[in-house]
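K.L.:
Input: one structure, supplied below.
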Amino acid sequence: MPLSKAPNEPRGATPTTAHPIRTGRKTTTDKPLLTFSKHKSDHTIGIGIHTDVKNLESATRLLATHGLTIPSTGITFEVLADALFEFTLTANLGATHTDILRAFAITIDDTNQTAQVSTLTNKLATTLNTPIELLETRVEELGECLTQHKQNLDCAVTEVRSQLHDFSEHIGKVVEDTIRATREQGDAAKTTENRSEGPLNYANTVRNSCMHTLKDLTELQLVAKATLALELLKKNSKTIPEGMAFLSAHRLQHGGILYEVDTHLSATWFNEPAN
């Protein structure tokens with residue numbers, strides 16, 4: 001079958017051959033224009049290619065050499081870095097352009113990691129601020145509580161000091177009454193049952209030191225009073241066992257008082273009617 005001539009085809013020209021329509025042709029919508037062949041870490045260290053741009057230092061140096069800076073785009077740093085790494089594998093791309101693209105990719109990726117660390121730090125700071133503020137509040141409350149306890153303790157110490165002062169004054173009055181009673185008895189007649197040959201008798205000293213006050217004294221106060229009376233006897237040249245001391249005092253059911261002394265010698269002296 002003879003070939004037909006195309007319209008307006010010059011005479012004598014060779015007839016054109018009709019081109020068949022290609023079916024099933026793939027477009028960029030069928031396959032992504034950019035697919036990643038390597039992991040970003042492999043791109044960074046330059047696996048499979050020869051390059052001197054393998055880290056942030058060399059990338060920054062190369063960009064500075066060519067007067068290039070990181071572009072400001074709306075693309076996220078991570079995607080931009082991956083894309084630039086992939087573009088460096090483009091065929092017929094010069095070594096200079098390849099290294100520039102790699103430098104961009106490495107610098108952008110490092111900036112992205114720094115931004116992520118900063119974001120994480122800010123989140124941690126926000127998360128920790130509330131517990132820290134709460135802890136500071138608790139510390140302040142604890143400080144106020146300790147201050148209040150200190151004030152209460154100071155008040156207790158003041159009260160105990162006042163009580164001790166009052167007790168000392170009371171003991172002083174007892175001693176004064178004892179001295180007064182001793183002086184009044186100095187001129188009275190002495191008997192063998194309740195008095196010694198010396199100027200002062202211990203039993204009479206204790207008996208005449210305001211007996212009504214003994215009912216109000218504690219056992220500890222009774223010991224203190226007896227000790228003061230003993231010191232008074234020493235001052236009046238009364239012969240007393242060396243180192244004699246009252247250890248305790250116990251009230252008896254009939255109202256009497258039982259004293260405990262330090263040694264057997266002291267107990268013997270104390271039990272003698274003359275003393």
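The values are calculated or read from the model by the stated rules, or taken from the named source; none is laboratory data. Every value quoted in this text rests on a predicted model; they were computed, and no experiment measured them. So basically every Cβ, Gly included, is an ideal-geometry build from the backbone, and we count neighbours across all protein chains shown.
K.L.:
Against the definition (among the aliphatic types (A, V, I, L, M) and surrounded by 11 or more Cβ atoms within 10 Å (Cβ to Cβ)), how does Leu124 come out, yes or no?
P.N.:
Working: among the aliphatic types (A, V, I, L, M): yes; surrounded by 11 or more Cβ atoms within 10 Å (Cβ to Cβ): no.
So Leu124 fails the test.
K.L.:
Quick test for you: out of Phe77, Phe85, Phe104, pick the one residue that is modelled with pLDDT under 80, in the same structural domain as Lys40 (by TED's automatic domain parsing) and within 21 Å of His39 (Cβ to Cβ). Walk me through how you get there before you give the answer.
P.N.:
Values: Phe85 fails: modelled with pLDDT under 80; Phe104 fails: modelled with pLDDT under 80.
Within the list Phe77, Phe85, Phe104, the selection yields Phe77.
K.L.:
The conditions are (1) touching a residue at least 24 places away in the same chain (Cβ under 8 Å); (2) farther than 18 Å from Thr44 by Cβ, and Pro131 fails exactly one of them. Which is it?
P.N.:
Unmet condition: (1).
K.L.:
Check Phe270 against each of (1) surrounded by 14 or more Cβ atoms within 10 Å (Cβ to Cβ); (2) over 56 Å from the mean Cα position of the chain (by Cα); (3) within 19 Å of Glu176 (Cβ to Cβ) and name the one condition it does not meet.
P.N.:
(3) is the only condition that Phe270 fails.
K.L.:
Among the residues of segment 249-259, what is the count of those that are within 53 Å of the chain's Cα centre (by Cα) and surrounded by 13 or more Cβ atoms within 10 Å (Cβ to Cβ)? Lay out the reasoning, then the answer.
P.N.:
The first filter runs over segment 249-259 and keeps only residues within 53 Å of the chain's Cα centre (by Cα), leaving 249-250.
Those still in the list that are surrounded by 13 or more Cβ atoms within 10 Å (Cβ to Cβ) too: 249.
Result for segment 249-259: 1.
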